[in-house]
Amino acid sequence: MHAVIPYVIAALLFGLGVYGVLRRRNAILVLMAVELMLNAVNLILVAADVSLQSAADPAAASAGGYRGGAFALFVIVLAAAEVGVGLAIVLQYYRTRRAVHLDEIELGPEHPDAVEPGHDDPATAGLGHEKETA
């Protein structure tokens, strides 16, 4: 197999993942897109390890050396932890708000001491409960 094919496939997977993160509003689909990007990185790690070893010493390429595979396993473990924590956050948010859309999440005021016009209490100012009309 030619060495360019895994890189092209990894680039396509990573681009699809970036598109999913930027376009999707559902938190679970965003987590799936992040997993797609991590799998693209795994593919690049393994393909680079194999192609660089075979280019440096063709006899040693089949003898061993799992540097790219070891990094890929590390990325897989990180991806599993990321999905576990991400799904826990999404499930907890769904239990409290009954929604998983990212654009509906209120992040709160930028400055906790900032008081919006018309609000006297800084503790309740800027919580976004009221709708603004243009």
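Yes or no, residue by residue, for (1) surrounded by 15 or more Cβ atoms within 10 Å (Cβ to Cβ); (2) modelled with pLDDT of 95 or more:
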{"site": "A3", "(1), (2)": "no, no"}
{"site": "P6", "(1), (2)": "yes, no"}
{"site": "A11", "(1), (2)": "no, yes"}
{"site": "E35", "(1), (2)": "yes, no"}
{"site": "V41", "(1), (2)": "yes, no"}
{"site": "L45", "(1), (2)": "yes, no"}
{"site": "A48", "(1), (2)": "yes, no"}
{"site": "S51", "(1), (2)": "yes, no"}
{"site": "S54", "(1), (2)": "no, no"}
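Among the residues of the range 98-112, those that are under 24 Å from L29 (Cβ atoms), surrounded by 10 or more Cβ atoms within 10 Å (Cβ to Cβ) and modelled with pLDDT under 80 comprise E104, I105, E106.
Answer yes or no as to whether G15 is modelled with pLDDT of 90 or more and either under 25 Å from V90 (Cα atoms) or surrounded by fewer than 18 Cβ atoms within 10 Å (Cβ to Cβ) (or both). Steps first, answer last, please.
Working: modelled with pLDDT of 90 or more: yes; either under 25 Å from V90 (Cα atoms) or surrounded by fewer than 18 Cβ atoms within 10 Å (Cβ to Cβ) (or both): yes.
Spelling it out, G15 is indeed modelled with pLDDT of 90 or more and either under 25 Å from V90 (Cα atoms) or surrounded by fewer than 18 Cβ atoms within 10 Å (Cβ to Cβ) (or both).
The values are calculated or read from the model by the stated rules, or taken from the named source; none is laboratory data. Keep in mind it's a predicted model, so treat the numbers as computed, not measured. Here the Cβ is made from the backbone with ideal geometry for all residues, glycine too, and neighbour counts use every protein chain on show.
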